[in-house]
Each structure stands twice: as C-alpha cells, then as structure tokens.
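The values are calculated or read from the model by the stated rules, or taken from the named source; none is laboratory data. Computed from a predicted structure; not experimentally measured. So basically every Cβ, Gly included, is an ideal-geometry build from the backbone, and we count neighbours across all protein chains shown. Protein only, heavy atoms only, side chains kept; ligands, DNA and RNA dropped before computing areas. Shrake-Rupley method; radii C 1.70, N 1.55, O 1.52, S 1.80 Å.
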Amino acid sequence: MTQQLFDRVVRVTIESETYKGTFTSDEFEIRFDVAFTDEPKPNESKIELLNLSKTTINRIKRKSKVTIQAGYKGDFGVLATGRVTAVSTVRENVDNITTVTMLDGEDYGEKSGDITFKANTDARTIINRLAGKMGLKIASISLPRNKNYNKGYTVSGELESALSEVVKDCGASIYYRRGRMVIRSIKSGDDERFTLEEATGLLGVPEPFEEEDAKGYKIQSLLQHRICTASIIELKSLDVKGKYRAKRGRHICNGSDFKTEVDVIS
C-alpha cells in the first residue's frame, strides 16, 4: 500500500451569486455520503461541515452550486457537482454540525408542460427541447438509434417522464456522472485506465451478486475518485480478474471510514 493513500484530502466548494466558500479537510472536519447510480433520477448526497460560524452558515443557501472533491495528496478529484436542496444545523455534544443536502446536476427549470411536436420529428430534437425546458445541460449524448416519430409526439404533464420515455425508445439510458447528465447506451462506459487491486486500495474480497437484469461483484476500496457511474475499471483480486463497469455505489467519509463502495458488472 502506498503512503500516498493515507494523505487524505477533502475539498467542498459552495457558490451562489453573492457568496463563494471553500472548505478543506485541513481546516474543518468534513463528512460526506456521496451516491452514484445509473438510474435516471438525480442522486442525493449529504455533506456535514463541523463548527462553521453563524455568518458562514447563513450564507449557504438553497440552489447554491456545490462541488465536492476528495482523494489523497497529489491524487484527488471531483466526486459530485450539484445544487443545494436543504441546509440544517444541529448541536451534537460540543459540535455544531451543518448538513448540506445536494442533488446532482444543474437547477431545474419547468417540471411539467404541454408540447406538441410535428410529424417526422426525430428523438434527438425532442430530447434537446425537453432538456432545455427543464433547464438541464446534457454533457454527452449518444443514441443507439435516433427514432423518428412519423405521427409526431405529444407531451402532456411531467417533462421528466417524457424525456425518459423518448430516451428509452432510442435504446439509451439517462444517468448522472459527477453531476453531469449523460444519455447513452447502458452498456457504454468511460475507461478510467485504472487497476483496482490491493496495492491501489482494494479492501477485502469482491462479493458476487445477481439481480434480474444484472450480475457482478460488490466491492469496497479506499476512497477512489476515479470510480463513479459507468466507470470502466480493471479489477484484480485473487479470484476475480477483468474489466468491469460501475453500476452504482457511494463514497463515504465519516471520521473512521474513507472508502468507496461500488457494484460492478461485466
């Protein structure tokens, strides 16, 4: 195990139109639980900042942009970027604990509406229009097929449901990757060019799991910022070797643990 994996780094940046604050693990005790998954709903994460001043607490507002980075000295990166949805502070023994709850991605615009697309409109056009209405920025889009709606397409009600339906019609999926919306085949991924083994932080033995639509391994490692939704990593353990795709997981820092839990599939 390299010494580098023991020099922990956590950095949280919170920014609004009137305030920008950066909190580091050198100055503050910071805890977090950052979730990631290949489901279409934005992931919710929680960050705890201990013993902030009242002035600072009052400056952290809903809809502020949040970025959390973590890792080790010389090797840390972004775990998630999103918007503040809630802020609360409680007293616990001698500490004041401020919990910042965040959702992946940008601030949403319209939630519902009525839109009619003319005959022979393609899926990409509909996706871009719906995303624009919702205030969503698509970081990457790759449709296995760009379906053409010969009779047109009508949206009435929840825009998010309509967006998911059109994406599904194209054989693709929606998910968030480090806070950025991605639309592409669920089988696609991003090669991190990283090998997870004991020397790079693998903890324990990968545990097999099987579900209706997926099977693979449950893995724990020392916190690794390279692992997020759809990361392709090389796994090397005594019994398991090969390339796997991250389906879901979480990054955890709670004082004692500084780790990544992830389910990977082949």
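Looking only at residues that are open to solvent by less than 40 Å² (accessible area, probe 1.4 Å) and hydrophobic (A, V, I, L, M, F, W, C) in segment 87-118, which one is nearest to Asn254 (Cα to Cα)? Looking at the filtered set, the residue picked out is Ile97. Of all residues assigned to segment 202-209, at least one qualifies as being open to solvent by less than 20 Å² (accessible area, probe 1.4 Å), more than 30 Å from Ala162 (Cα to Cα) and modelled with pLDDT of 95 or more. Starting from residues that are surrounded by fewer than 16 Cβ atoms within 10 Å (Cβ to Cβ) and touching a residue at least 12 places away in the same chain (Cβ under 8 Å), keep the ones in segment 212-226 and report whichever is nearest to Lys73 (Cα to Cα). Among residues in segment 212-226 that are surrounded by fewer than 16 Cβ atoms within 10 Å (Cβ to Cβ) and touching a residue at least 12 places away in the same chain (Cβ under 8 Å), the one nearest to Lys73 (Cα to Cα) is Lys218. Between Arg193, Arg129, the distinction of being open to solvent by 70 Å² or more (accessible area, probe 1.4 Å), closer than 29 Å to His251 by Cβ, free of Cβ contacts under 8 Å to residues at least 40 places away in the same chain and touching a strand residue (DSSP E or B) at 6+ places or on another chain (Cβ under 9 Å) belongs to Arg193 only. Annotation for segment 111-128: no member residue is of a type outside the set (Val, Ile, Thr), under 21 Å from the mean Cα position of the chain (by Cα) and on the phi > 0 side of the Ramachandran plot.
Can you find, within segment 147-169, the residue that is farthest from the chain's Cα centre (by Cα) among those that are open to solvent by less than 70 Å² (accessible area, probe 1.4 Å) and small (Gly, Ala, Ser)? Taking the candidates together, the pick is Gly152.
Regarding Ala131, is this residue part of a helix (DSSP H, G or I) and of a type outside the set (Lys, Arg)? Before you say what the answer is, go through the steps one by one.
Working: part of a helix (DSSP H, G or I): yes; of a type outside the set (Lys, Arg): yes.
Criteria met by Ala131.
Consider segment 68-77. How many of its residues are open to solvent by 50 Å² or more (accessible area, probe 1.4 Å) and not aromatic (Phe, Trp, Tyr)? Give the steps one after another, and end with the answer.
Taking segment 68-77 and keeping what is open to solvent by 50 Å² or more (accessible area, probe 1.4 Å), we get 73-74, 76.
Narrowing further to those that are not aromatic (Phe, Trp, Tyr): 73-74.
Looking only at that region, the number is 2.
Checking each residue in segment 131-161 for being farther than 13 Å from Ser185 by Cα, at pLDDT 95 or above and not hydroxyl-bearing (Ser, Thr, Tyr) picks out Lys147, Asn148, Asn150, Lys151, Gly152, Val155. Being in a loop (DSSP other than H, G, I, E, B) and surrounded by 17 or more Cβ atoms within 10 Å (Cβ to Cβ) is the filter; apply it to segment 136-146 and report the residue that is nearest to the chain's Cα centre (by Cα). Across segment 136-146, the extreme among qualifying residues is Leu136. For segment 232-266, filtering for residues that are open to solvent by 20 Å² or more (accessible area, probe 1.4 Å), over 15 Å from Ala35 (Cβ atoms) and within 19 Å of the chain's Cα centre (by Cα) leaves 3. With the structure loaded, tell me whether Ser45 is among the polar types (S, T, N, Q), open to solvent by less than 10 Å² (accessible area, probe 1.4 Å) and in contact with a strand residue (DSSP E or B) (Cβ under 9 Å, 6 or more places away or on another chain) or whether it fails that test. It is true that Ser45 is among the polar types (S, T, N, Q), open to solvent by less than 10 Å² (accessible area, probe 1.4 Å) and in contact with a strand residue (DSSP E or B) (Cβ under 9 Å, 6 or more places away or on another chain).
With the structure loaded, tell me whether Thr229 is open to solvent by less than 70 Å² (accessible area, probe 1.4 Å), under 18 Å from Glu261 (Cβ atoms), at pLDDT 95 or above and of a type in the set (Ser, Thr, Tyr) or whether it fails that test.
Numbers: open to solvent by less than 70 Å² (accessible area, probe 1.4 Å): yes; under 18 Å from Glu261 (Cβ atoms): yes; at pLDDT 95 or above: yes; of a type in the set (Ser, Thr, Tyr): yes.
Against the criterion (open to solvent by less than 70 Å² (accessible area, probe 1.4 Å), under 18 Å from Glu261 (Cβ atoms), at pLDDT 95 or above and of a type in the set (Ser, Thr, Tyr)), Thr229 qualifies.
Applying the selection to segment 13-30, what residues are outside any strand (DSSP E or B) and surrounded by 13 or more Cβ atoms within 10 Å (Cβ to Cβ)? Across segment 13-30, the qualifying residues are Ser16, Tyr19, Ser25, Phe28, Glu29.
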